[in-house]
Amino acid sequence: MRSYALELIEKGKRIDERKFDEYRKIEVIPDYVKNAEGSAFVRFGNTKIIAGVKMELSVPFSDTPDEGTLMVSAEFTPLASPDFEAGPPREDATEFARIIDRGVRESEMIDLKKLCITPGEKGWGVCVDLHIINNDGNLVDCGALAAVVALLTAKMPKLKDDKIDRSGFEGPLPVSQKPVTVTVCKVGQNFLLDPNIQEEEVVDARLSVAVREDGRICAMQKQGPGGLTMKDIDTIIDMVMKKSEELRKFMAVGKTKAK
Amino acid sequence: MVMAKTDEKLIVKGKRKDGRKPEDLRPVKLELDVVKRADGSSQASFGNTVAVVAVYGPRKLYPRFLQESDTGILRCRYNMAPFSVDERKKPGPSRRSVEISKVTRLAFEPAVFLEDFPKVTIDVFVEIIAADGSTRVTGINAASVAMAAAGVPMRDLVSACSVGKVDGEYVVDLNGIEDNNSDADIAFAMMPNKDLITLLQMDGRLTKEELMKLLEMAGENCRKIYSMQREVIMKKYERVEAEDERGDVE
C-alpha cells in the first residue's frame, strides 16, 4: 500500500500543510524537573522529550586522566510509542543517544578539563538522560535541543568531604559552545525537515548534522535505509546551516542562567 | 601499540608516524574463504587493523515471527575480540558496538537485493581481531567481499575508508593514534559504481569546504579499495573455473 504521506510529498505538499523546510511548533521549557541539576522539556509538534542532567563523581577515563566525563543516554520508554518495548536500550535508542552524545562532546560545549577533581582518580561525571514522552518523529533534533538546553540550565553541586552536597550549588557548568543538530530527510528527490511519524516512515535516507555557533560542523550521521550522493550532501549542509540559526534561538533561555 | 592522546606531532615534514604520506592507505591485504563453514568469508587487514568476516545465508529465518513476508532481512554484528585493544575489552556488546552493528547494516542495505528473498536472512558477522584505527570500515570492506563470495546478489560492492584532519592536514585511513588525536574524522562507505554514499559518520570540527574536500578524498580511496576487492573476487572465480575443468572436488 502506498503511503498518503509519500503521495503528498511527491506533489510538493505535506500532511500537516507545512513547507518542506518548516519545523513544527517548537516549545522549550527549561528547568522542568526540579530534582535534576539541569533539565528541559522540548516539544516539536507532538514529539515530546524531557532531558535531565545529573552530576555524579566518576573516575576519569584512562586516555583522558585530566578530564571529567560526559555521557548521554536514552530510553525509548514503552509509553511513548506502540513500537517501543520495555527493557535495556536497543539498537535505535543506542544510536540516538550516541548521535546526541557526539554532537555535545565534539562541539566542545563543556570544558571537561574543568570538571577534573584529582587527575586520574576523580572527576565530575555529567550524565544527560533523555526520556521520550511521545514519539511523533524527528527524535534526534528534538532530543539534541533538549540535551543542550538541559546542560545550559545545569548547576554544579557542592563537594563536601569528598561527597556531593546538593543543599547548595556552585554556579553553572563550564559551558562555552551551543551546538544545534538539524536532520535533513531525503524522500525521492525531495529534501525535508522535521518529519512527523507518517513522513518518517517513507524517508529514504537522512543526515543529522550538528553545528557550532562558529559555523563549524562537529558531528554527522547518515541514517535510514537509502544512500546519498555527494550533491545531496552539499544541498543538505546548506539547508542545515540556514536552519541551525533558527533553532539556536530556542537556546537563549539557558544563556542568561549559564553565564 | 600506543594509541592514547599525545601532544606529539603526528605529521612531520609531510610524513606520518608510520612513514606514510597523508594521502596513502596502509598496506591492504584481502583474503577470501578463511572460515570454511560459512557461505562466504574473508579477512581484511589495513596495516595493523585486522577484521575477519563470515556470512551465513541467504538462509531461512527462525524463529518464524521474525520473518518478513515481502523481503529478506540483513543482520550484522560487529564485535571486538577482548585482546584486540590496549586494555582488555570486556566481552559482550557495548553501546559502541551496537551502534556500529547498525550502521554496518545500513551501509549494505541499499546494495543487497533483499526484496528477492522473502522470509530469509543474511547474517554478517564482523570480528575485529586487532584494532589500530578504522575498524568499522575495515569490517565493511571485508564484509563486502565475503558477501560477494557467499553469492549474495548485490547491486554493487560496498567500499569503505576513513578520512580525517590530523595536525591540520587531510589524511586517509587513520590509524589508532591518529584517530585519537585528530581534529576530525569521518567513517565513509559507498557503492562506487552507483556513486551512492551508504555510511557517513563524522566527528570533530570542520567547515563545509573542509568536509567536502575530505569526502572527495574518501570517494577516491573507496575506488582504489574497490578495485582490490574486485580483483580478489575475480581470482576466486578463476580458481573455481580451473578446478571445475580439472574436475577437482573440494
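The values are calculated or read from the model by the stated rules, or taken from the named source; none is laboratory data. Every value quoted in this text rests on a predicted model; they were computed, and no experiment measured them. Because the Cβ atoms are built from the backbone with ideal geometry, glycine has one as well, and the counts that use them run over all protein chains shown. These area figures cover heavy atoms from the full protein model, side chains too; ligands, DNA and RNA do not enter into them. Shrake-Rupley method; radii C 1.70, N 1.55, O 1.52, S 1.80 Å.
Does B:Leu196 count as in contact with a Leu (Cβ under 8 Å, 6 or more places away or on another chain), under 24 Å from B:Phe113 (Cβ atoms), within 12 Å of chain A (Cβ to nearest Cβ) and open to solvent by 10 Å² or more (accessible area, probe 1.4 Å)? Yes: the conditions hold for B:Leu196. For the stretch A:44-62, a residue qualifies if it is in contact with an Asp or Glu (Cβ under 7 Å, 6 or more places away or on another chain), closer than 16 Å to A:Val149 by Cα and surrounded by fewer than 21 Cβ atoms within 10 Å (Cβ to Cβ), and exactly one does: A:Lys54.
Yes/no matrix, rows are residues, columns are (1) touching a Phe, Trp or Tyr at 6+ places or on another chain (Cβ under 6 Å); (2) open to solvent by 30 Å² or more (accessible area, probe 1.4 Å):
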| position | (1), (2) |
| --- | --- |
| B:Met147 | no, no |
| B:Ala150 | no, no |
| B:Ser159 | yes, no |
| B:Ser162 | no, no |
| B:Asp167 | no, yes |
| B:Val171 | no, no |
| B:Gly176 | no, no |
| B:Ile186 | no, no |
| B:Pro192 | yes, no |
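Considering only residues in the stretch B:204-250 that are modelled with pLDDT under 95 and outside any helix (DSSP H, G or I), the one that is farthest from B:Tyr170 (Cα to Cα) turns out to be B:Gly247. Hey, among the residues in the stretch A:19-77 that are part of a strand (DSSP E or B) and without any contact (Cβ under 8 Å) to a residue 60 or more places away in the chain, which one's nearest to A:Ala5 (Cα to Cα)? Filtering the stretch A:19-77 for residues that are part of a strand (DSSP E or B) and without any contact (Cβ under 8 Å) to a residue 60 or more places away in the chain, the one nearest to A:Ala5 (Cα to Cα) comes out as A:Glu27.
Restricting the stretch B:56-80 to residues that are within 13 Å of chain A (Cβ to nearest Cβ) and outside any loop (DSSP other than H, G, I, E, B) leaves a set whose member that is surrounded by the most Cβ atoms within 10 Å (Cβ to Cβ) is B:Tyr78. In the stretch A:222-233, the residues that are in contact (Cβ under 8 Å) with a residue 12 or more places away in the chain form Cβ pairs under 6 Å with partners that are of a type in the set (S, T, N, Q), at six or more places apart or across chains, as follows: A:Gly227/B:Thr198. Right, A:Asp194: more than 10 Å from every other protein chain (Cβ to nearest Cβ) and more than 20 Å from the chain's Cα centre (by Cα) or not? No; evaluated as a whole, the condition is false for this residue. Tallying residues that are in a strand (DSSP E or B) and out of contact with any Cys (no Cβ under 9 Å at 6 or more places or on another chain) within the stretch B:144-173 yields 9.
When you scan the stretch B:81-98, do you find a residue that is touching a Pro at 6+ places or on another chain (Cβ under 8 Å), within 14 Å of another protein chain (Cβ to nearest Cβ) and among the acidic types (Asp, Glu), even just one? No: the stretch B:81-98 contains no residue that is touching a Pro at 6+ places or on another chain (Cβ under 8 Å), within 14 Å of another protein chain (Cβ to nearest Cβ) and among the acidic types (Asp, Glu). Checking the stated criteria, A:Asp111 turns out not to satisfy the condition of being at negative phi, within 14 Å of chain B (Cβ to nearest Cβ) and of a type in the set (Asp, Glu). If you check A:Glu75 against the conditions, is it charged (D, E, K, R), open to solvent by 30 Å² or more (accessible area, probe 1.4 Å) and modelled with pLDDT under 95? Here the answer is yes, as A:Glu75 does meet what is asked. Within the stretch A:197-237, being charged (D, E, K, R), farther than 30 Å from B:Asn193 by Cα and more than 10 Å from every other protein chain (Cβ to nearest Cβ) holds for one residue alone: A:Glu213.
In a residue-by-residue description of the stretch B:174-191, the property of being over 16 Å from the mean Cα position of the chain (by Cα), farther than 19 Å from A:Ala210 by Cβ, part of a helix (DSSP H, G or I) and facing another protein chain (nearest Cβ under 8 Å) applies to at least one position. The set of residues from the stretch B:96-114 being under 12 Å from the mean Cα position of the chain (by Cα) and within 18 Å of B:Asn193 (Cα to Cα) comprises B:Ala107, B:Phe108.
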